[in-house]
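**Q** Quick one: this structure, given as structure tokens, is what I'll be asking you about.
What follows is calculated from the coordinates using simple rules that are stated; it is not laboratory data. Because the structure is a prediction, the values reported are computed rather than measured. As a convention, Cβ positions derive from the backbone with ideal geometry for all residues, glycine included, and neighbour counts pool all protein chains shown.
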Amino acid sequence: MIDKKNIYKAYYLFLFLHLSIWTAIPYFSNINLPLDTIEALAWGSDLKWGYSKHPPLSAFFAETFFQIFGNQDWAFYLLSQIFVLTAFIAIFELSNNLLENKNLALISILLLEGIYFYNFTSPEFNVNVSQLPFWALSILFSYRCIKLNQTKDYIFLGIFLGLGVLSKYLFIYLASGIYLSFFYFYLNEKKDKLLNVLLSGIIFLIILMPHLFWLSQNDFSTISYGFKRTGGVGDLTDHLIYPILFFLKQLGILIPFFIMGFCLINKFNMKIDLKDKKTLFLNFTVIVPIILMIITSMIMGAKIRTMWMTPFYLALGTLFLMLFKKQINLKKLKKFYLVFLFIFTFSPFTYLTISLLDDTKRTDYPGKEISRLVQNKWNDNFVNDIKIVIGDEWSAGNLSYHLKSRPVWINDLKKKALTITDDQGVIYTGNPKILKKVCPGVFGSIKPVGYCMIGKR
């Protein structure tokens, strides 16, 4: 057990080391930013209230960092870790309130190192990582709402819920769990509590309004994409097989977490007190969203992709400690800390090893070098800047990120082709055989992508 004087030293040291390790290692070992980060940056080059795949918030944050730091890869690894650490800080505060023990509060976030979503996959800033701080803050403030019933907490809750859904639609599963908890706890409560709940819901909807309007103007393309990603409505057997596979995969992912957890307890003796509001609240905000995901898979016969669960387990450590609080001996934590240190070092070591030895990854793509060659070719032929790149999020998105002029990325050529003029400075990327046949400008090829340049001479 760490004494009270040193608990915050250990807490801040952990946050600092996590931030430093998971910013530095991917930066020094990867040649190129990961796919999803490039995708967010491509969207961010032309900010809108929605995109074909996802709501806009990840693009907003990525573009904000681009405007501050430019095309510095380390900045986007840092951005991702800032989101992770903000979630950790919120969970620490939540655990401190629920468990009323700072040692246990610290352990609740140390346990999260046993879930690879919060270390190994965290360098890739994407819509999943973008949810993390808002997911954790929503749980924290929903608990504050129940405990204190202060209007300001409901206002913050509405804001965080809205921002969460603007990160990814799956955030609605947490929102459902939170409002179900309000319904359960407030069923026979005072009218002012219900008015506060209504206020949080109104703020939630107000924040979503610009995106909802964008959806209505764009054929609800984002929702259609999400439906396609699940595989659509499956066959009869899929309604059973996919939920089972999903459940088994989640158990596999959580094995290191449970190993760490069971190092804490003297004997397995879990007792759930159905009258304990704190435990019930955690079940509403941790277990209910997971159950709703399983139910969705059962009803639709749809695949639930592993990475979609990234934010769902943020308060799992808190729930575990709440269930086994009486079985934990804080004076005998040597085994737990040894396992924690092993995982804490093994994860970045494994990431580094894979990055250095496997040269077939997306992050080995020579995006910077390709962009330099394309820029030189452009400078040899044209006098204006490159303002637009057209093509897929990866090849064209990398050009948008690396080129000096920060051109706008466009994917939908059908709507934009007729409005593009030579003096705008345009690069088309894509299949070199096709581009070569239709290219009206300067053609070039860097395997496996071709590019067509249209500029002012």
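**Q** Pop a pseudo-label 7 angstrom from the Cα along the beta-carbon direction at both Phe183 and Phe258 and give the gap in nm to one decimal.
**A** About 3.0 nm separates the two model spin labels.
**Q** In addition: Which residue, Tyr77, Ser45, Asn97, has the largest displacement toward the positive end of the dipole of segment 38-136 when charges sit on each Cβ (Lys, Arg +1; Asp, Glu -1)?
**A** Asn97
**Q** Once both axes come from the Cα atoms, what is the angle between helix 367-381 and the longest principal axis of the chain, in degrees from 0 to 90, rounded to 10?
**A** Helix 367-381 and the main axis of the chain meet at about 30 degrees.
**Q** Cα extents of the chain along the three principal axes, largest first, in whole Å?
**A** Principal axes ranked by extent give 75, 49, 46 Å for the Cα atoms.
**Q** Using 0.36 nm times the number of residues separating Thr64 and Lys191, minus their current alpha carbon distance, what extension gain do you get?
**A** Result: 41.6 nm gained on full extension.
**Q** Tell me which of Pro448, Ile287, Pro34 sits at the most positive position along the dipole axis of the chain, charges placed on C-beta atoms (Lys, Arg +1; Asp, Glu -1).
**A** Ile287
**Q** Quick one: check the C-alpha center-to-center distance for segment 336-407 versus segment 423-439, whole angstrom.
**A** That distance is 22 Å.
**Q** For the charge dipole of the chain, defined by +1 on Lys and Arg C-beta atoms and -1 on Asp and Glu C-beta atoms about the Cα centroid, which residue among Phe120, Leu341, Ile68 has the Cα displaced farthest towards the positive pole?
**A** Leu341
**Q** For segment 366-454, treating each Cα as an identical point scatterer without solvent, what Debye log10 I(q)/I(0) comes out at q = 0.19, 0.21 1/Å?
**A** -0.78, -0.98
**Q** Just grab the label-to-label distance for Asp276 and Tyr169, each label 7 Å out from Cα along the Cβ direction, in nm (one decimal).
**A** 3.7
**Q** With everything on Cα atoms, drop me the angle between helix 35-44 and the longest principal axis of the chain, reported from 0 to 90° to the nearest 10.
**A** The angle comes out at about 70 degrees.
**Q** Can you give the longest run of the chain that contains no GluC sites (Glu not before Pro) sitting in a DSSP loop with at most 13 other Cβ atoms inside 10 Å?
**A** No qualifying site falls inside 190-457, the longest such stretch.
**Q** Roughly what would the spin-label model give for Asn431 and Ile294, points 7 Å off Cα along C-beta, in nm?
**A** That separation, rounded to one decimal, is 4.5 nm.
**Q** Nearest 20 debye, what's the magnitude of the dipole of the chain about its Cα centre given +1 on Lys and Arg Cβ and -1 on Asp and Glu Cβ?
**A** For this selection, approximately 860 debye.
**Q** Further question on the same structure: With a 10 Å Cβ neighbour count serving as the proxy for reagent exposure, in which order, fewest first, do Ser216, Ser445, Ser45, Ser138 appear?
**A** Ser216, Ser445, Ser45, Ser138
**Q** By how many nm would the segment from Leu212 to Lys228 grow when fully extended, if each residue of separation counts as 0.36 nm and the alpha-carbon distance is taken off?
**A** Result for the pair: 3.8 nm of gain on full extension.
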